[in-house]
Amino acid sequence: MYKENFLERLEKKHKWVGVTLFLDLIDGLSLTLSYLFSKTVTMRYPDKEKWVPYPRFRGHHFLRKHDDGDTRCVACELCAKICPCYCIKVVPYEDDKGNRRPLVYDVNTARCLFCGLCEDACPVEAIALGQFFEFSRYESGHLKVGRDELMKMPGKTEKGGSIVKAHLLTGDGVKIEAKEREGYNWWKFVRRR
Ligand code: SF4
Ligand code: SF4
């Protein structure tokens with residue numbers, strides 16, 4: 001909970017004290033000066049650090065799997081029907097065990113508005129929007145993602161809102177590699193007062 005400091009309490013009680021002694025100015029300057037001696041809050045993205053969004057973040061889609069590696073998707077097409085942008089295409093088939101599975105499961109992320117309706121509609125929690133956000137491409141055609149790629153996409157971390165160590169790799173396109181899934185809490189270095 002926010003606590004008033006001494007200067008604020010004094011100013012509230014005796015308005016003239018604040019005006020005469022420029023207490024607002026002193027208050028502002030003291031905050032600026034205190035930042036001079038505090039730890040930096042600048043994120044060194046993408047060279048050294050990167051932000052891991054909270055689990056509620058709606059980033060790139062991914063398909064969840066069963067323990068045996070098979071997709072959880074039963075190709076019911078509900079996600080495709082509910083999508084307001086018509087960016088999901090599902091073609092079902094029946095596998096050797098008689099399970100209904102997606103032969104084709106394409107998401108066109110160039111059209112997607114990341115509303116999360118597909119995730120909400122899925123009866124088996126197969127499709128979800130994760131925390132991965134670095135998937136820009138030079139051509140919009142490359143933003144169409146298929147079933148196998150969606151199954152390899154990173155899922156959600158339990159926590160988020162933190163900074164992890166990262167490396168910028170420019171050898172084969174531009175990639176930001178981060179090995180940790182959870183890092184330090186950046187917000188603790190940001191003082192609002
Ligand atoms: S997030 Fe919304 S727009 Fe994107 S694929 Fe899902 S339902 Fe469609
Ligand atoms: S992802 Fe879910 S809603 Fe979409 S086709 Fe598969 S099972 Fe149905």
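All of the numbers you see were taken from the coordinates with simple rules; none came from a lab. Note that the coordinates shown come from a computational prediction; the quantities given were computed from them, not determined experimentally. Glycine gets a Cβ as well: all are built from the backbone with ideal geometry, and neighbour counts include every protein chain shown.
Once the Cα-Cα distance is subtracted from the 0.36 nm per residue extended length, the TYR138 to LEU31 segment shows a gain of 34.2 nm.
Summing charges over neighbours of GLU182, with a neighbour being any other residue whose Cβ is under 15 Å away from its Cβ, gives +4 when K and R count +1 and D and E count -1. Label sites at LEU21 and ASP95, each approximated as a point 7 angstrom past Cα along Cα to Cβ, lie 7.4 nm apart. Loop-located trypsin sites (Lys or Arg not before Pro) in the range 66-103 (DSSP state other than H, G, I, E, B) with a sparse environment of at most 10 neighbouring Cβ atoms within 10 Å: LYS97.
Taking a straight Cα-Cα cut-off under 16 Å and skipping sequence neighbours fewer than 8 places away in the same chain, the lysines within cross-link reach of LYS65 are LYS152, LYS156. Peptide packing for 170-182, 29-41 was compared via the average number of neighbouring C-beta atoms within 10 Å per residue; ordered from the highest value, the list is 170-182, 29-41.
Which of the aspartates and glutamates could a cross-linker bridge to LYS159, judged by Cα under 14 Å and excluding same-chain residues fewer than eight apart? Qualifying aspartates and glutamates at Cα under 14 Å: GLU180, GLU182. Projected onto their three principal axes, the Cα atoms of the chain cover extents of 83, 40, 33 Å, largest first. Taking the charge dipole of the chain about its Cα centre, with +1 at Lys and Arg Cβ atoms and -1 at Asp and Glu Cβ atoms, the residue from VAL17, PRO53, ALA178 reaching farthest to the positive side is VAL17. Test of the criteria: in the range 119-166, which trypsin sites (Lys or Arg not before Pro) are in a DSSP loop and have at most 16 other Cβ atoms within 10 angstrom of their Cβ? Here the trypsin sites (Lys or Arg not before Pro) that fit, given the DSSP loop and packing criteria, are ARG137, LYS159. So which residue, out of PHE135, PHE57, PHE22, gets the largest mean-square fluctuation from a GNM of the chain using Cα contacts under 10 Å as springs? Between PHE135, PHE57, PHE22, it is PHE22 that shows the largest mean-square fluctuation.
Normalised by the number of residues in the range 47-153, the mean separation of alpha-carbon contacts (under 8 Å, six or more apart) gives a relative contact order of 37 percent. Pairs of Cα atoms nearer than 8 Å and 6+ residues apart set the relative contact order; for the chain it is 25 percent. The residues ASP67, ASP106, when put in order of fewest to most other Cβ atoms within 10 Å, stand as ASP67, ASP106. Once the C-beta distance of VAL124 and ASP148 is scaled by a Förster radius of 25 Å, the resulting FRET efficiency is 0.85 to the nearest 0.05.
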